[in-house]
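Contents: one structure, followed by commentary.
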Amino acid sequence: MDQQAVVEQQIALYGEPLGARFSRLTSAYRISQAGLAQVIGLSPPMLSQLSTAQRVKISNPAVYGRLLRLEELAQTDGVKAGDPQVLEDALTGVAASNPALSTKSHYGQGRAQLTTLLAEFVSPGELREGAAATHGALSELLEAAARHAASRGAANQQDTGREGLPG
């Protein structure tokens, strides 16, 4: 099968060539293709073959689920702002996940997702208080959510400050 036929099949399966999706993720998370491969659970040569249309599809549903989760998280404020801790938390959480795909859109409540949700609904101060009052994994989760919430607040303040400036 020639490369153009592979690209057309990828578009039919995924909506666009996998190379374009991988490229967006390596840019968003500031990682190499090898780093992306490690996070989603592919070998670097396999990711390269998919990216250059030497292979058509991702055969492991968990790998595809991790790819989808990274794309979802790439739309959050902390990832968009390039906050190093948010990027690390997202990549670590996705790499450790074992998503199950079904016809219904569902993804487990992984650490990165919980961090993002907590940051949306609880202030950084309250999250830090909770982190100080607990220990272990819960304390770490609350502290990560506090950092994420703080980075969201800083990004929102920057956006608000620019709105009032003359163009």
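The lone criterion from (1) surrounded by 15 or more Cβ atoms within 10 Å (Cβ to Cβ); (2) part of a helix (DSSP H, G or I) left unmet by Arg55 is number (2). Hey, does the range 56-66 have a residue that's closer than 25 Å to Ala150 by Cβ and outside the structural domain of Val7 (by TED's automatic domain parsing)? No, the conditions are met nowhere in the range 56-66. Scanning the range 109-137 for residues that are modelled with pLDDT under 85 and surrounded by 12 or more Cβ atoms within 10 Å (Cβ to Cβ) gives Gly110, Arg111, Ala112, Gln113, Leu114, Thr115, Thr116, Leu117.
The values are calculated or read from the model by the stated rules, or taken from the named source; none is laboratory data. Only a predicted model underlies this, so the values are computations on that prediction, with no experimental measurement involved. Here Cβ is always computed from backbone atoms with ideal geometry, including for glycine, and neighbour counts include all displayed protein chains.
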